[in-house]
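Student: A single structure is presented below for examination.
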Amino acid sequence: DRLVPTFDLDRRGRLRLDYGPRHFDVGFDEQLRPIIYDEAGKVRKSLPKPAAQDDADMAARAIATFKGLKKDVKAIASQQIARQEHALATSRRWTGQDFVLFFLEQPLMFNLTHRLLWGRYEGDRLVEPFRVDASLECFTLDDQKVVLDDATVGLVHPLQLDPVQLVAWREAFIEDEVMIQSLIRRILD
């Protein structure tokens, strides 16, 4: 948990690449593959070549930074995803403080964290499932804020939920992804 690099990402797991008059933001999908957003918040297939109005030196640095970031994240992405799968399979738990430090405040891991269902546990018993929103806050299905001070936190396996809860959480994550994409566009405007 302590060894995951931050890659100079902001607290929401993004990096701004500056071409001078233009900029592009890099985020990550659920497999930690880079996603490039233009200034309007639209997804691009790749970084554009510098245009005449761009600062050539800044654009060259941005392109080199992106290539390095892409290579470095690719090298650890499968390891981090496998780590989370293993944590789910083995019922690994963290203290609330460690969860905040290693998942909410870790910019790369945030890209995975907000896409997963977490829970407060007492022993092996799931007490309260929650999700993490774009503001790095934890909320229950009915939007009650979850306090993690003395909590034990772990990933929630779908078998720990009844069928009604499972459907409700799936719908909540679909809605959250739509809201996150909307938030990204507003941030970039």
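The values are calculated or read from the model by the stated rules, or taken from the named source; none is laboratory data. Computed from a predicted structure; not experimentally measured. In this analysis, Cβ positions are derived from the backbone assuming ideal geometry, glycine residues included, and neighbour counts consider all displayed protein chains. Note: accessible area is taken over every heavy atom of the protein model, side chains too, but ligands, DNA and RNA are not part of it. Shrake-Rupley method; radii C 1.70, N 1.55, O 1.52, S 1.80 Å.
Student: Could you state the accessible area per residue of the chain in Å², with a 1.4 Å probe and every protein chain left in place? Walk me through the intermediate numbers first.
Tutor: On the way: 10790 Å² over 189 residues.
The answer is 57 Å² per residue.
Student: Using alpha carbons only, how many degrees (0 to 90, rounded to 10) separate the axis of helix 163-188 from the longest principal axis of the chain?
Tutor: Value to nearest ten degrees: 20.
Student: Among 154, 96, 13, determine the one that fluctuates most according to a GNM of the chain built with springs between C-alpha atoms less than 10 Å apart.
Tutor: For the chain, modelled as a Gaussian network with Cα springs under 10 Å, the answer is 96.
Student: Also, I was wondering about something else. Students often forget the sequence filter, so: which aspartates and glutamates lie under 13 Å Cα-Cα from residue 145 once same-chain residues fewer than 8 apart are removed?
Tutor: Output for residue 145: 128, 133, 137.
Student: Now, a different point. For the chain, build the charge dipole from Cβ charges (+1 Lys, Arg; -1 Asp, Glu) around the Cα centre, then report which of 116, 43, 94 sits farthest towards its positive end.
Tutor: It is 43, whose Cα lies furthest towards the positive end.
Student: Which value, in Å² and to the nearest 10, is the accessible area of residue 95 when all protein chains are kept and the probe is 1.4 Å?
Tutor: 70 Å²
Student: Highest first, please rank the peptides 125-137, 106-118 by the mean number of other Cβ atoms sitting within 10 Å of their residues. List each step's numbers first, then the result.
Tutor: Numbers: 125-137: 15.7, 106-118: 20.8.
Final packing ranking: 106-118, 125-137.
Student: Now, a different point. Might you report the magnitude of the Cβ-based charge dipole of region 31-154 about its Cα centre, with Lys and Arg at +1 and Asp and Glu at -1, to the nearest 20 debye?
Tutor: 820 debye
Student: Next up: What angle, in degrees between 0 and 90 and rounded to the nearest 10, separates the Cα long axis of helix 56-89 from the longest principal axis of the Cα atoms of the chain?
Tutor: 20 degrees
Student: Based on alpha-carbon centroids, what's the gap between region 107-155 and region 39-92 in Å, whole number please?
Tutor: 26 Å
Student: Please say if region 83-159 is rounded, prolate or oblate, where rounded means a/c under 1.5 for a ≥ b ≥ c the square roots of the C-alpha gyration tensor eigenvalues, and otherwise the choice is prolate for a/b larger than b/c and oblate otherwise?
Tutor: Working: a/c = 1.34, a/b = 1.09, b/c = 1.23.
Rounded, since a/c falls under 1.5.
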